[in-house]
Amino acid sequence: MPDIAFVKAALPKTGALVVPLAEGAEPAGLFAQADKDAGGALTRALEAAGFKGRKGQATTLWALGGFTKVVAVGLGKEAELDGAAAEAAGGALIPALAQDREATVLADTLAAPLAASLGLGALLRAWRFDRYRTREKEEDKPKLERLAIAAAEPNAAKQAFAPMRAVADGVFLTRELVSEPPNILHPIEFAERCKGLEKLGVEVEVMGLKELQKLGFGAMIGVAQGSQHEPRLVVMQWKGAPKNRRGAKPMAFIGKGVTFDTGGISIKPAGGMEDMKWDMAGAGTVVGLMAALAGRRAKCDVVGLVGLVENMPSGTAQRPGDVVKTYSGQTVEVINTDAEGRLVLADVIWYAQERFQPRCMIDLATLTGAIIIALGHEHAGLFSNDDELASRIIAAGAAVGEKAWRMPLGDAYDKQIRSDIADMKNVGGRPGGSITAAQFIQRFVNVKDGPMPWAHLDIAGTAWSSKDQPTVPKGATAYGVRMLDRLVAEMGEG
């Protein structure tokens, strides 16, 4: 990835030049100077190329005005120019600069926060997962090493960029975890990587099979018992609250971490099963979030818990028809072993409440294919027992381009998971599949000691992208890291 540097506003002598332009905007600042020096050739060439300045648009002009190339990127309508538009422009310039080692962005007409957002967009789009590439052609490798952003207030832009960079590092950690192949990232290895957060000041505790057996995590252990890789529970604590707020209840985030999901005895079809390496994306998001909060030194207390298992078929695997006793004491009849994520969350959520008594809980999981049928890949499904928490999550997501759509909960759906022989069953049939899954999880939100604000994000449709997006290259999206970082900033630090 390129180094992002904020420099004094000045025209470079040569090299690649990037010009962010709004729709209908007249040449101004350094771009006006460059165009004047070129006798108006830059504006004429952009007009001939049909460049309009639309949000995310990019046009490349070759060997013009003394530069090897000039890349114009659109900011959209000037009246609507915000951080998201600047990020999209930053993302758009990356493909155009793939073969350039250095480039300068003329951001002198942008306010410092917008210049910083442009740098963030470029950074987010430039990320690649190429750890296992050994024969990639040299011409296919991106070469951009340094992106200099010429800003009117470079120090202010640099200061605004610092926390953004920390959040981006959390995004990259999540993308890396979700991208790793399942033979590498099994539960034990995942837990080891979580310990890497200790260098950021996060307290990390790892519990193995013996500890989980002693605690009584019957549902989570049941999922893991068919695999040679033992389960792990990882508890991460960031204690950043200032002195005058110490002792306040933390916010809690819980992630489903099924490092590979075959479906177990209720085995999935072979076609597309390779995608099930990202069935741990909920856990990956929680880990990335904790890294982001620690990296920017968030002034609040947050706990993150991830239940890590591998769901495999074998002679020791859980069977359809088994009854397991959860950590809460409630029993579950396992109708379908491919509805395993909710079993993992059941134990971890109850444990999170009992141990930390948080002010609110949010769980994330690639839980159901049904949510993709309902919402496609545009929105995550949001379920909540608290209107204010739900509204805050939706608003935080909208602010960073991670959309969520609230789905219903209710007694009629809850009846679908009644069991004839246990307290509940783990599936409620095809109708409303994502809703009955959420109803199942809600049964492990303990409200005996008073209301517990809780939200469940089904990210099955948003954790992975099959195409490039403005600031997200094809592959793991790290959906939720930026949304929840924003939520913590507003709820926990606001």
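Between residue 268 and residue 314, how many nm apart are label points set 7 Å from Cα along the C-beta direction?
Taking the simple label geometry, residue 268 and residue 314 are separated by 1.9 nm.
Just for the chain, what percent of DSSP beta bridges are antiparallel, to the closest 5?
40 percent
Any idea what the dipole of the chain comes to, in debye rounded to 20, about its Cα centre with Lys/Arg Cβ at +1 and Asp/Glu Cβ at -1?
Numbers: 57 positive and 58 negative charges, 124 e Å.
So the magnitude is around 600 debye.
Roll a 1.4 angstrom probe over the protein heavy atoms and tell me the percent of accessible area of the chain that is carbon or sulfur. Present the calculation step by step, with values, prior to reporting the outcome.
On the way: 10240 of 20750 Å².
The computed percentage sits at 49.
Taking 0.36 nm per intervening residue step and subtracting the Cα-Cα distance, what contour gain separates residue 299 from residue 493 on full extension? Can you show the working numbers first?
Working: separation 194, 0.36 × 194 = 69.84 nm, distance 0.58 nm.
Stretched out fully, the residue 299 to residue 493 stretch lengthens by 69.3 nm.
How about segment 416-494: which chymotrypsin sites (Phe, Trp or Tyr not before Pro) there are in a DSSP loop, with at most 16 other Cβ atoms within 10 Å of their Cβ?
Values: sites: 440, 444, 454, 464, 479; in loops: 444, 479.
Loop-located and lightly packed - none at all.
Which whole number in µm²/s is D for the chain by Stokes-Einstein, with the Kirkwood Rh taken over Cα pairs at 25 °C and 0.890 mPa s?
The Stokes-Einstein estimate is 103 µm²/s.
Which of the trypsin sites (Lys or Arg not before Pro) found in segment 223-312 are in a DSSP loop and have at most 15 neighbouring Cβ atoms, other than their own, within 10 Å? Working shown, then result.
On the way: sites: 232, 239, 243, 245, 246, 256, 277, 296, 297, 299; in loops: 246, 296, 297, 299.
Loop-located and lightly packed - 246, 297, 299.
Please figure out what share of the DSSP beta bridges in segment 210-359 is antiparallel and state it in percent, rounded to the nearest 5.
Values: 11 of 21 bridges.
Antiparallel bridges make up about 50 percent of those DSSP assigns within segment 210-359.
At a Förster radius of 56 Å, what calculated FRET efficiency corresponds to the Cβ-Cβ distance of residue 412 and residue 44, to the nearest 0.05?
Working: r = 65 Å, r/R0 = 1.16.
The calculated FRET efficiency here is 0.30.
Based on the Cβ-Cβ distance from residue 7 to residue 68, what FRET efficiency comes out when R0 is 25 Å, to the nearest 0.05? Please report the intermediate quantities before stating the final value.
Numbers: r = 19 Å, r/R0 = 0.75.
Efficiency for this residue pair is about 0.85.
If the limit is 21 Å between Cα atoms, which of 256/325; 325/425; 141/467; 52/474; 195/249; 13/77 go over it? Write out the running numbers ahead of the final one.
Working: 256/325 19 Å; 325/425 12 Å; 141/467 18 Å; 52/474 26 Å; 195/249 24 Å; 13/77 30 Å.
Cα-Cα > 21 Å for 52/474; 195/249; 13/77; rest within.
Name the residue from 429, 377, 168 whose Cα lies farthest towards the positive end of the charge dipole of the chain, charges +1 on Cβ of Lys and Arg and -1 on Cβ of Asp and Glu.
Going by the charge dipole, the pick is 168.
If exposed GluC sites (Glu not before Pro) are those in a DSSP loop with at most 16 other Cβ within 10 Å, what is the longest stretch of the chain that has none?
Working: sites that count: 136, 145, 378, 493.
It works out to 146-377.
So if each residue of separation counts as 0.36 nm, and I subtract the Cα-Cα distance between residue 52 and residue 249, what length gain in nm does that give?
That pair, residue 52 and residue 249, stretches by 65.9 nm at full extension.
Given the Cα-Cα distance of residue 199 and residue 467 and 0.36 nm per residue of separation, how much length would full extension add, in nm? Let's see the in-between values first.
Details: separation 268, 0.36 × 268 = 96.48 nm, distance 3.39 nm.
Extra length from residue 199 to residue 467 when fully extended: 93.1 nm.
Any idea what the relative contact order of segment 40-109 is, in percent, if you count C-alpha pairs under 8 Å spaced at least 6 apart? Please list the in-between numbers first.
Values: 85 pairs, mean separation 18.5, N = 70.
Value for segment 40-109: 26 percent.
Among the trypsin sites (Lys or Arg not before Pro) within segment 437-494, which fall in a DSSP loop and have no more than 14 other Cβ atoms within 10 Å of their own Cβ?
On the way: sites: 443, 448, 467, 474, 482, 486; in loops: 443, 448, 467, 474.
Filter output for segment 437-494: 448, 467, 474.
Residue 105's amide H: which non-local residues (gap 5+, or another chain) put their own amide H closer than 5 Å, with H modeled 1.01 Å from N in plane and none for Pro or chain starts?
For residue 105, whose amide H was placed from the backbone, the distant partners under 5 Å are 18, 148, 149, 150.
Label point 7 Å out from residue 99 along Cα-to-Cβ: which residues of segment 57-77 have amide N under 16 Å?
Residues 60-64, 68-71 fall inside that zone.
Can you give me the long-range amide H partners of residue 465? Hydrogens built in the peptide plane at 1.01 Å from N, cutoff under 5 Å, separation of 5 or more residues or another chain.
Hits under the 5 Å cutoff: 475, 476, 477.
The values are calculated or read from the model by the stated rules, or taken from the named source; none is laboratory data. Note that the coordinates shown come from a computational prediction; the quantities given were computed from them, not determined experimentally. Methodologically, a virtual Cβ is constructed for each residue, glycine included, from the backbone with ideal geometry; neighbour enumeration extends over all protein chains shown. Heavy atoms of the whole protein, side chains included, go into the accessibility calculation; ligands, DNA and RNA do not. Shrake-Rupley method; radii C 1.70, N 1.55, O 1.52, S 1.80 Å.
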